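Down below is the structure, laid out as structure tokens.
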Amino acid sequence: MSSTNYRIIADEPDFIVVDKAPGVHFHSQDGTAGLVAQLEHDLDTKLYSVHRLDTMTSGLLLLARSSAAAAQFTELFTQHQVQKFYLALAQGKPKKKQGWVVGDMAKSRRGMYKLLRSTDNPAITQFFSQSVADGLRLYLLKPLSGKTHQLRVALASLAVPILGDPLYGAADDAERGYLHAYGLQFDWQGQAYRYLCAPTVGEQFVSPAVTQQLADWGEPWQLPWPSKK
């Protein structure tokens, strides 16, 4: 089953995985049904959220089918036993091309968050990047924590806000925010699950150069991720 707002990637007894379209709200607001409410209506079943995606972000989202499964998945996420991988595009030259972004996060103005130098409860992100066009780089990001706006703040801290994300300083007229939840990996009931979902919306995301780079990177869980320095 699919709609303009999502397509179902996996339908398992305890959970579903969907590919969320960009620009779709996770929760209902302003009288408009959010993604979870729409899925519950379309599938005629109760679903339980265990993580979320920002409105601008597309890609893989896991929802539990029962409160018991939700509690177990929440524990997996809390223990960092669910690996998530994201793709982003940004213009400009980053402060570094691969490595780690580490720092506490705090609320800032206009709904923004900012990265702090302190590391008492840090947001931690590993990343690779590769040039895919003149002045444009593709980032493969692996968050090791789940802070609000974590990846958007991480790239802004590298002086390369995500394409189509004016909240964090992108000065462009991109047709979407170029952040996509690309991969999920976890073990459930003794079985390993791995999902990859390349972006399908956004002129820059579907370019031949991006497609080729994703092929070169292969499966993100097998890459030699940068060690912390």
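If only residues of region 44-95 that are polar (S, T, N, Q) and assigned to a loop (DSSP other than H, G, I, E, B) are counted, the one that is nearest to Gln29 (Cα to Cα) is Thr55. Checking each residue in region 107-135 for being touching a strand residue (DSSP E or B) at 6+ places or on another chain (Cβ under 7 Å), open to solvent by 30 Å² or more (accessible area, probe 1.4 Å), over 29 Å from Phe186 (Cα atoms) and part of a strand (DSSP E or B) picks out Lys107, Lys114, Ser131. For region 86-106, a residue qualifies if it is more than 18 Å from the chain's Cα centre (by Cα), of a type outside the set (S, T, N, Q) and open to solvent by 40 Å² or more (accessible area, probe 1.4 Å), and the qualifying residues are Lys93, Lys95, Lys96, Lys97. Of all residues in region 44-85, those satisfying the criterion of being under 29 Å from Pro166 (Cβ atoms), in contact with a Leu (Cβ under 8 Å, 6 or more places away or on another chain), open to solvent by 20 Å² or more (accessible area, probe 1.4 Å) and in contact (Cβ under 8 Å) with a residue 24 or more places away in the chain are His51, Arg52, Asp54, Met56, Lys84. Condition first: under 18 Å from Lys147 (Cβ atoms) and at pLDDT below 95. Can you find one or more residues in region 15-26 that meet it? The answer is yes; a qualifying residue exists.
The set of residues in region 208-228 being farther than 14 Å from Gln185 by Cβ and assigned to a helix (DSSP H, G or I) consists of Pro208, Ala209, Val210, Thr211, Gln212, Gln213, Leu214, Ala215, Asp216, Trp217. Which condition does Leu179 not pass, out of (1) of a type in the set (A, V, I, L, M); (2) on the phi > 0 side of the Ramachandran plot; (3) open to solvent by less than 10 Å² (accessible area, probe 1.4 Å), if it passes all the others? Looking at each condition in turn, Leu179 falls short on (2). Residues in region 107-136 that are in contact (Cβ under 8 Å) with a residue 40 or more places away in the chain, more than 29 Å from Trp221 (Cβ to Cβ) and over 21 Å from the mean Cα position of the chain (by Cα): Arg110, Gly135.
Of all residues in region 29-43, those satisfying the criterion of being assigned to a loop (DSSP other than H, G, I, E, B) and open to solvent by 60 Å² or more (accessible area, probe 1.4 Å) are Asp30, Gly31, Ala33. Within the set Leu184, Leu155, Leu138, Leu151, the sole residue that is surrounded by 20 or more Cβ atoms within 10 Å (Cβ to Cβ), closer than 14 Å to Thr57 by Cα and of a type in the set (A, V, I, L, M, F, W, C) turns out to be Leu151. Among residues of region 11-28 being of a type outside the set (Lys, Arg) and open to solvent by less than 10 Å² (accessible area, probe 1.4 Å), the one that is nearest to Thr200 (Cα to Cα) is Val18.
The values are calculated or read from the model by the stated rules, or taken from the named source; none is laboratory data. What you see is a predicted model; the values in this text were computed from it and never measured. Here Cβ is always computed from backbone atoms with ideal geometry, including for glycine, and neighbour counts include all displayed protein chains. What goes into the accessible areas is simple: the full protein's heavy atoms, side chains included, and nothing from ligands, DNA or RNA. Shrake-Rupley method; radii C 1.70, N 1.55, O 1.52, S 1.80 Å.
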